[in-house]
Every structure is written in C-alpha cells, then in structure tokens.
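Here the structure is laid out as structure tokens; the discussion comes afterwards.
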Amino acid sequence: MVNSKSGDQVIGARLLAVTLVAACLILSAGCTTNVEVKGSLPTPLVKKLPLNMGVYYPPEFRNFTHREKIFEQGTWTVDMGTQNLEFFRNMFAAMFDQVVEIQDLDIPSGDEVGTGTVSVPENLDGIIIPEIAKYGFLTPKISGLNFFSASIHYRISIYDKTGNLAVNWVVVGYGKSPTSMFGSSEALNDATILAIRDGGARIAIGTFQHPAVLKWLRANNIALD
Amino acid sequence: MKLRLTHILLLSLLISLAGCVTSRVEQLRQSNTGMAADEALVILGRANYSEFETEESFTDCIVSALSRGSNPLNLVSEDDFKDQLYPWFEARTAPTSADDLARLFAQPGVSDQIENTKIRYLAWIDGQTVTTDQGGGITCTISAAGGGCFGMSYWEEDASYEASIWDLKTLSNAGQIVADANGTSYLAGLVIPIPILARPGNAACKALAAQLKIFLLDTPE
C-alpha cells in the first residue's frame, strides 16, 4: 500500500515536470518569432542597358537580419539574406549587358552626389552598390489593422567610371499581408517578400527614369529610346 | 434508420436556415468578345495600399467557378502571371486603364510573354465585402448544472465587386460587369447557438463568374 502511494507520487511528480517543461517550451516559443524570408522573387522583364557594370554587395546587405523586441509581443527576427541577394543578382543581370560582382570595396562615407571616390576597374562603366538603409514592420496589434506590413528602404549608389558618386537614390519597398491562420511568421514573410518585390520593381523601372541616372547615362553617351 | 432520419431532418433544417441574399448583376459591353479553345484568361485582384482591397478568397472563388461547370475556361494563375510579367503587374506598377496597355506592350519581352501564355483576356476584380450594420447580443453560460446560449445577434453584409475585362489582342477595354449582393446573417442562441448565415460574398462571386463566362464566350443571354 505504501509502495503503491509512493509510485503514484512519482508518476504525479513526473507528470508535473513534463507539464512544466511543455509550458516553458510553449511560452519561450511564443516569445520569439523567427522569419527566414522565402518566396517568389522573379527576374524583371526590362530593357538591358549596354553597360559593363560592377556590383558590390556589402556584407550587411548579403546577410541582412533585422531584430526587434516589441512590448508584449516578444522578439522578432527577420532574416532576408539569401533571397534578397539572389533577387538583386538576377535583377542587375537583367538590367545591364554585363555584370561583374566585386568582392571587396572601400566605400567612402560621404553620400553627396559628386563626392567620394571608389576605385573602378578600367573595364567597367561604373559600380552599383545596393544597401538596406532601413527595414521596419508593423503587426496588427500595433497598427490596429488586420494585416502585417513591412517596408524596406534600399539605398542605390552608382559610382561613375572616374569613381565619383553619380547617383544616390533611396527607394522604399512596401508590402502587406493579411493575418494568416498559419501564424504571424508566415504573414510577415509574405509582407516582406512583397516589400522586396515592390522595391525591386521601383529600382528596375525607375532607375532608367531617375534624373541623376539619365545624367550619368548621357555622360556615358548612352541614349535611352 | 431512426438515426438517418434524424440526420436528414437536421440537414434540412440547416439548409432552410440559410439567410436570404439579394443580388444584382449589370453588364456593360464595349466590344465583341469570344475565346478560342487554346486562349486563356487571367483573373487579377486589384491591390492597393489601403486597408481595403479585393480579398484573395474572392478571386479564388471566381477562378474556381470559371474553371468548372459547362464550358470551363482556360485560366492562368494570378501568381504565375505576375511572376512572368514582373515588374509590370505589381500593386504600384500595374496599369490602371486599358489605355496603358499599348505602352506596356512596348516594353521588352512583354508581348512575347503574353503570346507564349496565350492569354487573351485579363479581368481585374475590384471590390470588397463589408459589414454595414450589426446588433443584438447573445450570452453563453456554463455551470455545474449545465449551460447554454440565449439571445440573438445579427450582422448585415454588403458585397460589391466590379470586373473590368481587357482584351489583350486588341489592347482595349472589352467591358465591365458589376455584381452587388447583400444579406443579413443571424446567430440565434436557443440553448445551442444556431447560425443562420447569408453569404453575400459567395452570391456575388457566383453571379459575377456566371456573367463573366457568358460575356467572354459571347453567348447571348
């Protein structure tokens, strides 16, 4: 009888321990939302410019991760690395005749057009550098709306043949996605993918309409139809 | 046998409890249409950055209705279409009028892509279902002796959608179809909560899809 009681107590203690561990796991999972951005990012159908461009992707761009702690909503981590980088590789390959990826470059700190110099190899018409200046998102709890929204501020810098900054352009990509039954991370992923697509669309179309780009093209004797 | 009879009676009761929906469809034709067997249609939901935009579930419903029944249409999925023609049909860059089609087709690769996919028509779906009124109340209680829900609540919904059909062969607007539906749903608490649902969104979808099929196949009503 005594043995039986202590056996029940052991089982009870084990059940309590399992319940506590499960509760801890559920609570800790609820406190962190990880999003590894994945989705459809196609290559744009745009006119190719007859330019031989160098492209430098800074390490922060290659491995961009956003971390944010939101009051009562835990910590959010959005990893854009691979998808964003592959998208830009395809996009620039579609926009220019030849693209050479530059592995290392010292970027000057100034961001005023006409200032700063980078070393541009002789065979290149210029160097283009994409950066993520800012990433932000809103949850439905913050915005009071029934969707997640994300925005990405891309900075596009183009250095001309002589190494001077010819274009400094900030493009904002925006995306929103309704709250999903599959969870917050899926909705934020979709909103971020739409923001990348939107930013990319503006870069792919707007680059050849931007006054500073047109001035730079004229300086290179390239006329757009 | 008794159980089956109960099931049939319960099913009949639920069917009879479906809420009433009033719907209306109008069509404006601007040119003759018609689809060859190998030609396709793409349904696009009009997206914008405001709180309201065409629900994906509504365009999915239209696609489902058009691809079934008699004379099913060839449909290209919205996602595939937007990917194949990226960046020209994103929320910010999509043409807002059929007059923009000529300019769009002048872009490199666009007309080839459309030709490859054999898309003849593009239908933009714009609209939403909104709750226009609601009221009443229902309370549910649970106690050791049992529990139940009592009271009645209602909500009225209005579904208003427009399809703008563009002919990609003639690069022009072929016409518009407007579908409106409204209905009131109830939730009655008679010990158990009994929903009496009107589904104006579903009614608008079915009406719009049926009219769109007639419009495209150029079959007289």
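Odds and ends about this structure:
- Buried solvent-accessible surface, both chains (A, B), 1.4 Å probe, Å² to nearest 100: 1600
- Residues in the range A:172-202 that, when all protein chains are in place, have 40 Å² or more less accessible area than the chain alone would give (probe 1.4 Å): A:TYR174, A:LYS176, A:ARG197, A:ASP198, A:ALA201
- Cα-based reach from A:LYS215 at 16 Å (exclusive), listing aspartates and glutamates while leaving out same-chain residues under 8 positions away: A:GLU112, A:ASP125, A:ASP160, A:ASP225
- From the largest down, the range B:30-128 spans 36, 34, 28 angstrom on the principal axes of its Cα atoms.
- Using just its DSSP H runs of length 4 or more, each adding -39500 (n - 2.57), chain B gives a mean residue ellipticity at 222 nm of -8500 deg cm²/dmol after division by all residues.
- Scaled radius of gyration (Cα, divided by 2.2 N^0.38 Å) that chain B gives: 1.29
- Counting only cysteine Cβ atoms and a cutoff under 4.7 Å, chain B contains unmatched residues B:CYS20.
- Solvent exposure of B:SER67, expressed as accessible area, is near 60 Å², computed with a probe of 1.4 Å over the protein chains only.
- Fraction of alpha-carbon pairs over 39 Å apart in the protein assembly as shown - percent: 42
- According to the calculation over all Cα-Cα pairs in the range A:37-219, the P(r) per 10 Å bin from zero is 9, 36, 31, 16, 7, 0 %.
- Euclidean distance of C-alpha centroids, the range A:73-108 and the range A:182-205, integer Å: 15
- For chain B, with +1 on Lys and Arg beta carbons and -1 on Asp and Glu, the positive-most of B:LEU66, B:SER164, B:ILE177 along the dipole: B:LEU66
- Nearest-ten-degree value, helix B:56-66 long axis tilted from longest Cα axis of chain B: 70
- Partner lysines for B:LYS118 [C-alpha distance under 27 Å; skip if fewer than 8 residues away on the same chain]: A:LYS47, A:LYS48, B:LYS82, B:LYS169, B:LYS206, B:LYS213
- Average other protein chain Cβ within 10 Å of Cβ, residues B:79-88: 5
- Accessible carbon and sulfur surface of the range A:123-225 relative to its total accessible area, %, 1.4 Å: 52
- Within a Gaussian network of chain B (alpha carbon springs, distance under 10 Å), most fluctuating of B:ILE62, B:ILE142, B:ILE165: B:ILE142
- Relative to the longest principal axis of the Cα atoms of chain B, helix B:2-16 runs at roughly 60 degrees.
- Counted over chain B, the DSSP beta bridges are approximately 85% antiparallel.
- Rounded to the nearest 10 Å², the accessible area of B:CYS140 at probe 1.4 Å: 90
- All lysines inside 27 Å of A:LYS141 as judged from Cα atoms, apart from same-chain residues fewer than 8 positions distant: A:LYS38, A:LYS69, A:LYS176
The values are calculated or read from the model by the stated rules, or taken from the named source; none is laboratory data. Keep in mind the model is a prediction, meaning the values are calculated, not measured. Using ideal geometry, Cβ is built from the backbone for each residue, glycine included, and neighbour counts are taken over all protein chains shown. When the accessible area is computed, the model is the full protein with side chains, heavy atoms only, and any ligands, DNA or RNA have been set aside. Shrake-Rupley method; radii C 1.70, N 1.55, O 1.52, S 1.80 Å.
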